[in-house]
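Only one structure is covered here, and it is reproduced in the block below.
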Ligand SMILES: CC(C)(COP(=O)(O)OP(=O)(O)OC[C@H]1O[C@@H](n2cnc3c(N)ncnc32)[C@H](O)[C@@H]1OP(=O)(O)O)[C@@H](O)C(=O)NCCC(=O)NCCS
């Protein structure tokens, strides 16, 4: 089932995220955060954006969330997404279902588009393109991790067609959460 994350999910979510920090440059984060710091991230993100987990028999197998893209006001309608599925649970459609539910939440809030920041040569591109994202640009030398440079690729999904000429103010996720059927 898909449900909103709670701060108390932090330890389980970190179990999925820690190997990605340790062994890959998929995330540009260097240090594994403490559980209490991660709880605070979940709390803070959830104040405005969706933070969702996939849970089976009380075990979290994947998670996704959105964050603000850039701080200036005109960026209100664009956000950044992140998604991680436990290695043992990949390739079973969990990522796809989590992302689709995230997009439903974002559309209901009134966000217009989502940016996935990915490593352009990584397999993650295949996943994002399968979900409708299109490449918008690549920043060479975007990050330095594990003693080498990595490009930062930006892939975008536009959530509305046509895009409204006068978008309504974006609503915080908690104010629309009841409109989303999260058990799908
Ligand atoms: C990327 C990731 C979230 C995908 O989750 P998943 O549950 O394995 O993906 P799904 O099974 O839902 O795949 C959905 C579709 O995406 C595509 N896809 C998934 N993984 C892919 C890959 N490695 N290469 C190419 N296409 C892929 C396929 O079209 C797939 O549909 P299909 O199985 O019907 O062909 C997961 O592999 C992961 O956590 N990877 C490490 C972290 C990461 O890269 N996160 C993204 C950066 S924020």
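What the table below lists for this structure:
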quantity	calculated
Simple label model, 7 Å out from Cα along Cβ direction - residue 146 to residue 80, nm	2.0
Sorted by Cβ density within 10 Å, fewest first, the residues 39, 31	31, 39
Descending semi-axes in Å of the chain, equivalent ellipsoid built from Cα gyration tensor	24, 22, 16
Estimated distance in nm for a label pair at residue 11 and residue 178, the labels positioned 7 Å out from Cα along Cα-to-Cβ	3.3
Among 161-174, 71-84, 51-64, 99-112, the order from most to least packed when residues are scored by Cβ within 10 Å on average	99-112, 51-64, 71-84, 161-174
Computed over the chain: relative contact order in percent, which uses C-alpha pairs under 8 Å that are six or more apart	22
Centre separation in Å (Cα based) which lies between the stretch 105-143 and the stretch 50-92	12
Of all DSSP beta bridges in the stretch 2-179, antiparallel share, percent nearest 5	90
Length-normalised contact order for the stretch 1-71 - Cα pairs under 8 Å, 6+ apart - percent	38
Per residue convex hull volume, Cα atoms of the stretch 77-184, in Å³	134
Estimated distance in nm for a label pair at residue 90 and residue 57, the labels positioned 7 Å out from Cα along Cα-to-Cβ	2.3
FRET efficiency, 1/(1 + (r/R0)^6) with R0 30 Å, evaluated for residue 123 and residue 163 via beta carbons	0.50
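Every number in this text was worked out from the coordinates using simple rules, so none of it is lab data. This one's a predicted model, so the numbers in the text were calculated from it and none came from an experiment. Neighbour counts run over all protein chains shown; Cβ positions are idealised from the backbone, glycine included.
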